1. I need the strands (runs of 3 or more DSSP E) fully contained in segment 1-75, keeping only those with at least 2 residues that are out of contact with any helix residue (DSSP H, G or I) (no Cβ under 6 Å at 6 or more places or on another chain) and open to solvent by less than 70 Å² (accessible area, probe 1.4 Å).
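The values are calculated or read from the model by the stated rules, or taken from the named source; none is laboratory data. Worth saying up front: this structure is predicted, and the values here are computed from it rather than measured. Because the Cβ atoms are built from the backbone with ideal geometry, glycine has one as well, and the counts that use them run over all protein chains shown. Each accessible area value is taken on the protein alone, full model and side chains, heavy atoms only, with ligands, DNA and RNA left out. Shrake-Rupley method; radii C 1.70, N 1.55, O 1.52, S 1.80 Å.
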Amino acid sequence: MTTAPAIDVRPADRTDAVVMAAIHAVCFAKNWDADAIGQFIGAPACLSLIASAASDCRARGFLIARSAGDEAELLTLA
């Protein structure tokens, strides 16, 4: 049996916006640029998480979610 590689998940900060935009561009035809992602990262109602491989610390994916009243929505997952 093989084991899955270890993944580190942490809150994203604005310095992550460029790499998150690059990941988003690979995943979606209508992608978000670093400025758009940076705005979500800085918004108080948003949660932005970035996942990296523990072995090389290279970003592998991310998510951005936002709370709206008593609900929450997943804005993107890449």
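1. Strands (runs of 3 or more DSSP E) meeting the threshold: 46-53, 59-68.
Table: residues versus (1) over 18 Å from ARG60 (Cα atoms); (2) in contact with a Ser or Thr (Cβ under 6 Å, 6 or more places away or on another chain); (3) in contact (Cβ under 8 Å) with a residue 60 or more places away in the chain.
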position	(1), (2), (3)
ASP8	no, yes, no
ALA12	no, yes, no
ALA17	no, no, no
CYS27	no, no, no
TRP32	no, no, no
ASP35	yes, no, no
GLY42	yes, no, no
LEU47	no, no, no
